[in-house]
Amino acid sequence: MRFCSLVFALSCLMLIAADAQEVSDITITATPEVVQPVNGKLPQSLNVAVFAKDCDKGNIDLTKDSLQLTGTGLSLTQISAGKCVISAKMNIDPNAPAGNYKVLLVDGSGKPIGRADLAVQDSNAGAIPSGLAPQVDVMWEVLSQGVCNDVFGKRVARNFYCIEIKIGNNTGHPVQLAGIGFSNHVDNLPGNPMVIHANTSYASTRAVLLREEVLSPRNVFFHSVQAAGLVMAGFIPYFHNSNPKANYSTAVSIITGPLLQAINIIGPDRVVGQLNNLDDESFRDNQIIPNNSQVRTIVFVEKRALTEQLAAISAEAMSMDGDHAKKQKKGVRTEESLKAQSQTDLKQTLQTQTRGTQANSSQADANPIFRFKTGDFSPLIVKVALGNLVVIGDEIEYLQRIQVQGATAPNASSSLSLTPLQLQFGNQNVGVASTAQTVTVTNTGAAALDSFAVSTSGTNQADFSQSNTCGTSLASGTKCTITVTFTPAAQGARAATLVVAFNGGSQTVSLTGVGNGAGGAVTFNPSSVQSFASQNVGTSSAATVLTITNSGVIPLTNLAFNIAGANAADFSQTTTCGTTLAAAANCTVSVKFTPTAKGPRVATLIFTYSVGGSQLTPSFSLSGAGQ
């Protein structure tokens, strides 16, 4: 009986762990992230590449997966999957609506296992209507605990406040937001500091909800029934009589079939719908709002972050109530007391919640301020504690954190044509230059384009070099070319942007490639340090010299040498290498043996260096004998 209980428990744990792994996502990025209009129109097609993050470090293989797109007006063809990258041709309907789309990585069964954002810009974006000043309008409200619980689950509601925000963009251009937060003074901290609370990331909030997927009572019970059916099925071969065996098999089929279906009907898994709500409604970093449009989104702020503000509001309410009672007892009708009296309902709410907090603060609770029997703080009080809404980009000190897409006037950008709009260099050995690719620039307008400049930008801009024949001015109807070469500095996906700027604005070309291999090759002579001859205790041997040669095409960096092991103190080393070794260069390490005792002495010389984003640590055995 104990054995069966143990098997049942282990089966439950295995199913829960498998379920947790099943709902986890692969982190992916899509390039390009923004589809921009060309000559006032969206391009008919673009090449899209999806990269799996840290693919080389994890057990990730995309060869059996595929891609899908949400929304209307976009479709994918010619999908080609590799281990870490999936590429496809994206066909774009001329009437595709501007806004935010999602690129879904799906497995063989069509189940989404990764998501990346893709924005389509408004091809008709222009100046705002006459009489309206450029602005970003915001309106927000804190959702009640019950609504947050119903929409996003009890674990999310228990850990976060859910804030619904509507943002209207009337700036004249699509706006890319970097983040949303709240600022307020904390009166009960020294210096009354201004504190800004950033919204909790989508990934963190989703992780909290996935925890509920694993630990919710409904799912634990459902998985336990599944496990019980599996365990019971394993005992069927032990029945020898046909009737008992048939009856037992029928019971097993009822548990694994109709019973599980009945549980799903009576108590469906709410977390699946809550995950969909989170995917659809939660704010994502770098979300794009097209011009003259609005978005409604949800952000989350951790409850613990507002502990000081809510405690200060509660303490002030209790103090206000005491002062008001004294004045009423004396018959004093001051302006302050009249104002306090008019706020009776608000103070009573605060006092009730404060007393509930104090009454339960002695309980063994990880966060007593927010978990008391009389209820959570009202949305109004939480909104007061949050203070002012901060949309990154609407304050001077944050202007560098907001990116305005398509800031050029339509008539200016329409006079420049770039072909193609994306260069894909594929796999390239680290430190080795690729074959050059060319972008053709054409001035299709009636006037010359002046102040012409070509540059690269982005995370890996140093990996892409360019030269061009454009000069500083491009006459009407003429062409010039830009030649781009890819030389990866590290392994993995590399991306940047080619920027063509002129007097009327700018246009861009997406640059992508993948770094292959370490790109550096190191040789050692001798290949291992020879053993030292017997040496009198306290005397030093002649030096054994190890020559290190960088036979690769990129420098070795972060060079370091260390002697470790049982008798490390018996060996010493000096080097001419420094911390960097250029390509085709060499340096030496000299090792001496000075035994501190008689008998065999051993140690290890460890050489550490970095190349192409990887750190390597070859080692060499050292041995000798003291006499």
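The values are calculated or read from the model by the stated rules, or taken from the named source; none is laboratory data. Everything numeric in this text was worked out from a predicted model, so none of it was measured. No Cβ is skipped: glycine too gets one built from the backbone with ideal geometry, and neighbour counts run over all protein chains shown.
Filter the range 519-542 for residues that are at pLDDT 85 or above and in contact with a Ser or Thr (Cβ under 6 Å, 6 or more places away or on another chain) and give the result.
Answer for the range 519-542, where residues must be at pLDDT 85 or above and in contact with a Ser or Thr (Cβ under 6 Å, 6 or more places away or on another chain): Phe532, Gln535, Ser540.
Gln530 - would you say it is over 30 Å from Ala489 (Cβ atoms) and part of a loop (DSSP other than H, G, I, E, B)?
yes
Pick from the range 42-101 the residues that are of a type in the set (Gly, Ala, Ser) and not in a strand (DSSP E or B): which of them is surrounded by the fewest Cβ atoms within 10 Å (Cβ to Cβ)?
Looking at the filtered set, the residue picked out is Gly58.
Within the range 151-220, which strands (runs of 3 or more DSSP E) (wholly inside it) include 3 or more residues that are at pLDDT below 80 and either over 26 Å from the mean Cα position of the chain (by Cα) or buried (at least 16 other Cβ atoms within 10 Å of the Cβ) (or both)?
175-177
Among Gly565, Gly626, which is the only one that is buried (at least 16 other Cβ atoms within 10 Å of the Cβ) and at positive phi?
Unique residue meeting the criteria: Gly565.
Among the residues of the range 589-603 satisfying the criterion of being touching a helix residue (DSSP H, G or I) at 6+ places or on another chain (Cβ under 7 Å) and not in a strand (DSSP E or B), which is surrounded by the most Cβ atoms within 10 Å (Cβ to Cβ)?
Across the range 589-603, the extreme among qualifying residues is Pro595.
Quick check on Ala585: is it touching a strand residue (DSSP E or B) at 6+ places or on another chain (Cβ under 7 Å) and modelled with pLDDT of 80 or more?
Yes: the conditions hold for Ala585.
Which of the residues belonging to the range 221-256 are among the small types (Gly, Ala, Ser) and under 44 Å from the mean Cα position of the chain (by Cα)?
Ser224, Ala227, Ala228, Gly229, Ala233, Gly234, Ser253
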